[in-house]
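J.: Below is a structure I'd like to ask you about.
The numbers here are math on the coordinates, done by the rules we state, and not lab data. What you are looking at is a predicted structure, and each value in this text was computed from that prediction instead of being measured. Cβ coordinates were reconstructed from backbone atoms using ideal geometry, including for glycine residues, and neighbour counts include every protein chain displayed.
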Amino acid sequence: MNNGKLLDRINNPNDLKSLSYAELDQLAEEIREFMIHSVSKTGGHIASNLGVVELTLALHKVLNAPLDKIVWDVGHQTYVHKILTGRKDTFGTLRQLGGLSGFPKTQESPYDAFNTGHSSTSISAALGMARARDLKGEKYTVAAVIGDGALSGGMALEALNDAGISRTNLLIILNDNGMSIAPNVGGLSRYLSKVRVRPFYYKTRESMLAFIDSLPRKGKRLRKFVHKLKAAVKSMFVPSMFFEDLGFRYYGPIDGHNIREMVTVFEQAKTMRGPVLVHVTTVKGKGYKYAEEQPSVFHGIAPFEIETGQVLKPGSVNYSSVFGKRLCDLALKDERIVAITAAMTDGTGLGAFREAFPKRLFDVGIAEQHAVTLAAGLAMGGVTPVVAIYSTFLQRAYDQILHDVALQNLKVVFAIDRAGVVGDDGETHQGIYDVAYLYTIPHVAILSPASPNELIQMLDYAVTSHSGPIAIRYPRGSGCEFEGSDSPLAYGKGVCLKEGKDVTLIGVGPMVPMVLEASELLEKEGISCEVINPRFLRPVDDELILTSAGKTGRVVLVQDLIQSGGFSAYITDLLCMSRLNVQLQILALPDRGIEHGDRNLIYKRYGLDAQGIKAAVLNDFSIKQS
């Protein structure tokens, strides 16, 4: 793969120090080849990593990690960093159960300074680390690498506002490629695009400012004139000089694929007092034709064929696609329906909606809090907003759901994609907390489809019939239909899919097929199972569950959620208050971070597959095999 070339000699960042620029350029190409071959087998975030090869090399050549700290925003662009910091030989285990994480992990390597998986956190974390350094009287560099997409997040702007007046030595590298997962949107993106195309102006500006600085400053009036002249030159070349006005020493934009230029600027920047922002421009997917042409597709991709760029095992129709298509059908009939997404138009299945109703889709960028309160305003104005956000990202807007939507009982539909175990992206992306936190918020109805058909029915109900806030949570990937999945939907009502007398099995959403399979295995052991699909996690069909529990005397609740809080807590209280003589067991995920790995393997590890459910029924309830 790398034919025993330079990459074989790189075991830690110190090995870069003696390399010439020609050798660093050669190493960059070898790293690209290495990553493409490896990620084509494991899947992963390839486009973003191809874009930061030279940037990562330049950073590690200048800085002295792990003494110097590098905080990578989002963290999905740390593959090159991992390769350079002693994880090259285990890189083939990327995102596999028990293997390397696709994101920075402090427990994985001392070179990973901070765990990141969500956007816009790096500047806050880096500023905190820099202040801790100063308080302890230590000497090292703290750097944050943030993309232009992540910079649109409110938290990043809050941190810039604080860091700019802090006078704390902090290095921020703005990796500007015009993309997050999808092309960036908004005023800040437009501003950066203007800056990006004016490198000539910057060089001219810097020459003029240097000339002004050389002018004599004797006399109060002359000093005042020179100061005004300098300010005029700044504003003439780049309107408002956003970063400098915030208090940063600004360098850029510079070519993010020119190692020599970046090393020169980084060397100078790390010696400056106070906060410094270096603006580099890169190409997402750099060096691999298909990733450059389709950076959104190759942002996060399954295993693929290198020669064609085609995914090796195309998936069947997934929940996101079903959601997007049905929303288009509904929007054709009702012009009040609008869709909102936070930089995830294609990921949430809204690509077709964007094409059909461009004026009714609002992509707000990486700004989930704004997305939810925007929806509240739209609802107050008499339209029907459907907010499509991944479960792991919606939790960032908890207060907006509570304060702006729920307390006013506004009709906002939350389409919660990637709910439950998501697998390869790991603990920062698992959608296993949404039910627990939504249960603390008044007025919010929560639905969990067990099949694509149920998703369609639930979306129809939420958009056309429900009057308050409502959340529909559905899993990543595709689903299957089963007998009873097409039965009519009624508010607050579940369905009994199978009658039995020995044990009641309750499956939440995508766990229903697992529960049905387990019931078949248990039937072979002589155990008669009643299977319930609750459909509504709030309000709950109390009558259905209590009737079944009273008949069998044994209840097993199966959910790919954390065990504490939410639906499981409600069922526990319901059975307790009923004073029925019922044994209850909850099969769920432990209340801790759930590691990365294949989703089915995670289900198996935590006893949520059919065999695990069967074992729980046989062992914990001590039911005798017939």
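J.: Remind me, relative contact order of the range 18-86 in percent, using alpha carbon pairs under 8 angstrom and six or more residues apart? Don't skip to the end; give the middle numbers.
T.: Numbers: 28 pairs, mean separation 25.9, N = 69.
It rounds to 37 percent for the range 18-86.
J.: Oh, and also: Pull out a ≥ b ≥ c, the square roots of the eigenvalues of the alpha-carbon gyration tensor of the range 495-620, then state rounded if a/c is under 1.5, prolate if not and a/b is larger than b/c, and oblate in the remaining case.
T.: Numbers: a/c = 1.74, a/b = 1.20, b/c = 1.45.
It comes out oblate by the Cα gyration axes.
J.: A further question on this structure: Please identify the trypsin sites (Lys or Arg not before Pro) of the range 81-177 that satisfy two criteria: DSSP loop assignment and at most 12 other Cβ atoms within 10 Å. Which are they? Walk me through the numbers on the way to the answer.
T.: Details: sites: 82, 87, 88, 95, 105, 131, 133, 136, 139, 167; in loops: 88, 95, 105, 136, 139, 167.
Here the sparse-neighbourhood loop sites are 136, 139, 167.
J.: Could you list the GluC sites (Glu not before Pro) in the range 268-347 that lie in coil according to DSSP, counting only those with at most 10 other Cβ atoms within 10 Å of their Cβ?
T.: Qualifying residues, ordered by number: 307.
J.: At 222 nm, what value in deg cm²/dmol follows for the chain if DSSP H runs of at least 4 each add -39500 (n - 2.57) and the sum is divided by all its residues, to the nearest 500? Kindly include the intermediate steps, with their values, before the conclusion.
T.: On the way: 23 runs with 242 residues, N = 626.
Dividing the helical sum by the residues of the chain leaves -11500 deg cm²/dmol.
J.: Order of 432, 366 from fewest to most other C-beta atoms within 10 Å?
T.: On the way: 432 24, 366 29.
Ascending Cβ contact count within 10 Å gives the list 432, 366.
J.: Any idea what angle helix 199-213 forms with the longest principal axis of the chain, computed on alpha-carbon atoms, 0 to 90 degrees, nearest 10?
T.: 50 degrees
J.: A further question follows. What are the semi-axes of the equivalent ellipsoid of the chain, taken as the square roots of 5 times the eigenvalues of the Cα gyration tensor, listed largest first and rounded to whole Å? Walk me through the intermediate numbers first.
T.: Numbers: eigenvalues 492, 160, 92 Å².
That gives 50, 28, 21 Å for the three semi-axes.
J.: On full extension of the chain, what length is gained from residue 333 through residue 618, given 0.36 nm per residue of separation minus the C-alpha to C-alpha distance? Show your work: numbers first, answer last.
T.: Details: separation 285, 0.36 × 285 = 102.60 nm, distance 5.08 nm.
Full-extension gain reported as 97.5 nm.
J.: In the range 524-559, what trypsin sites (Lys or Arg not before Pro) fall in a loop by DSSP, with at most 12 other Cβ atoms inside 10 Å?
T.: Details: sites: 524, 535, 551, 554; in loops: 524, 535.
Answer in residue order: 524.
J.: Between residue 520 and residue 547, take the C-beta separation as r, use R0 = 22 Å, and let me know the FRET efficiency to the nearest 0.05. Mind dumping the intermediate values first?
T.: Details: r = 23 Å, r/R0 = 1.05.
The value I calculate is 0.45.
J.: For 57, 601, 546, 100, which order do you get if you count the other beta carbons within 10 Å of each Cβ and list the fewest first? Please report the intermediate quantities before stating the final value.
T.: Working: 57 25, 601 14, 546 17, 100 21.
By the 10 Å Cβ count, ascending, the order reads 601, 546, 100, 57.
J.: Among 123, 36, which comes first, second and so on when ranked by fewest other beta-carbon atoms within 10 Å? Each step should come with its number before you reach the end.
T.: Values: 123 28, 36 19.
Going from least to most buried by this count: 36, 123.
J.: Can you give the direction-averaged projected area of the convex hull of the alpha-carbon atoms in the range 319-473, in nm²? Working shown, then result.
T.: Values: hull surface 31.9 nm².
Projected over every direction and averaged, the Cα hull of the range 319-473 covers 8.0 nm².
J.: On to the next question. Which entries in 69/105; 105/270; 82/136 show an alpha-carbon gap greater than 20 Å? Show your work: numbers first, answer last.
T.: Working: 69/105 13 Å; 105/270 25 Å; 82/136 29 Å.
From 69/105; 105/270; 82/136, over 20 Å: 105/270; 82/136.
J.: Could you give each residue of the range 55-63 its phi-based ³J(HN,Hα) in whole Hz, using Karplus coefficients 6.51, -1.76, 1.60 with θ = phi - 60°, and x for Gly or Pro?
T.: For the range 55-63, the Karplus-derived couplings read 4, 5, 4, 5, 4, 6, 6, 8, 7 Hz, x marking Gly and Pro.
J.: Something else about it: Give the relative contact order (percent, whole number) for the range 319-473; include only Cα pairs under 8 Å separated by 6+ residues. Before the final figure, lay out each step's value.
T.: Working: 289 pairs, mean separation 35.9, N = 155.
It rounds to 23 percent for the range 319-473.
J.: What length, rounded to one decimal in nm, is gained on full extension from residue 600 through to residue 26, with 0.36 nm per residue of separation minus their alpha-carbon distance?
T.: Numbers: separation 574, 0.36 × 574 = 206.64 nm, distance 4.01 nm.
In short, 202.6 nm is gained.
J.: Quick check: the distance between the Cα centres of the range 394-471 and the range 33-54, to the nearest angstrom?
T.: Value for the Cα centre distance between the two parts: 33 Å.
J.: On to the next question. Let me have the relative contact order for the chain, percent, based on Cα pairs under 8 Å that are six or more residues apart.
T.: Working: 1261 pairs, mean separation 70.7, N = 626.
Once normalised by length, the contact order is 11 percent.
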